[in-house]
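Let me begin by presenting the structure, written as structure tokens, before commenting on it.
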Amino acid sequence: MSWDDKRPMSPHLQIYKMPITAKLSVLHRGTGAGLFIGLLLMVWVLMAAAGGIDSWQIMHDFLSSWLGKLMLFGFTFSLYYHLCNGIRHLIWDVGKGLSLEEVHFSAGVVLISSVVLTLLTWIIA
């Protein structure tokens, strides 16, 4: 093993800080995957509803458990985050909000809006 094999890669992961745009991009992709999993859960709910009272009771028990509620909460957040960030991207597509200050501001707006909408949905429902 030569000396070059031991050198850290650049940018070194211990000192590199991802910019907010990169973090939100990763979160956007993650919430997209969450929406896919939520869609599978919705299909399962529909199949249980069509399967009769016994199937529905199993689904109800699952959705009432901590894991079911966590999945529904994650699905709700994913839906709102994906929506808010998609609106942000539409604004960018028309050439608005592209300065560094505006990007940082809109990042905060997207995150706060997603959390507030998620909490409002769970409080009201």
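Each reported figure results from applying straightforward, stated rules to the coordinates on display, with no laboratory input. Being a predicted model, the structure only gives us computed values, none of them experimental. Heads up, the Cβs are rebuilt from the backbone with ideal geometry, glycines too, and the neighbour counts pull from every protein chain shown.
I want to check the label-to-label distance for Ile58 and Leu35. Put each point 7 Å from Cα in the C-beta direction and report it in nm to one decimal.
Rounded to a tenth, the inter-label distance reads 3.0 nm.
If you wrap a convex hull around the C-alpha atoms of the range 18-124 and split its volume per residue, what is the figure in Å³?
It comes to 110 Å³ per residue, whole-number rounded.
Could you give the DSSP H helices of the chain that reach 27 angstrom or more along their long axis (alpha carbon positions) and whose average Kyte-Doolittle hydropathy is no lower than -0.5?
Passing helices, by number: 20-50, 66-93, 100-124.
Let's test the formula: R0 of 30 Å, r as the Cβ-Cβ distance of Trp66 and Glu102. What FRET efficiency results, to the nearest 0.05?
The value I calculate is 0.15.
Put a dot 7 Å past each Cα toward the Cβ at Val115 and Phe73; how far apart are the dots in nm?
Each label point lies 7 Å from its Cα, and together they span 1.4 nm.
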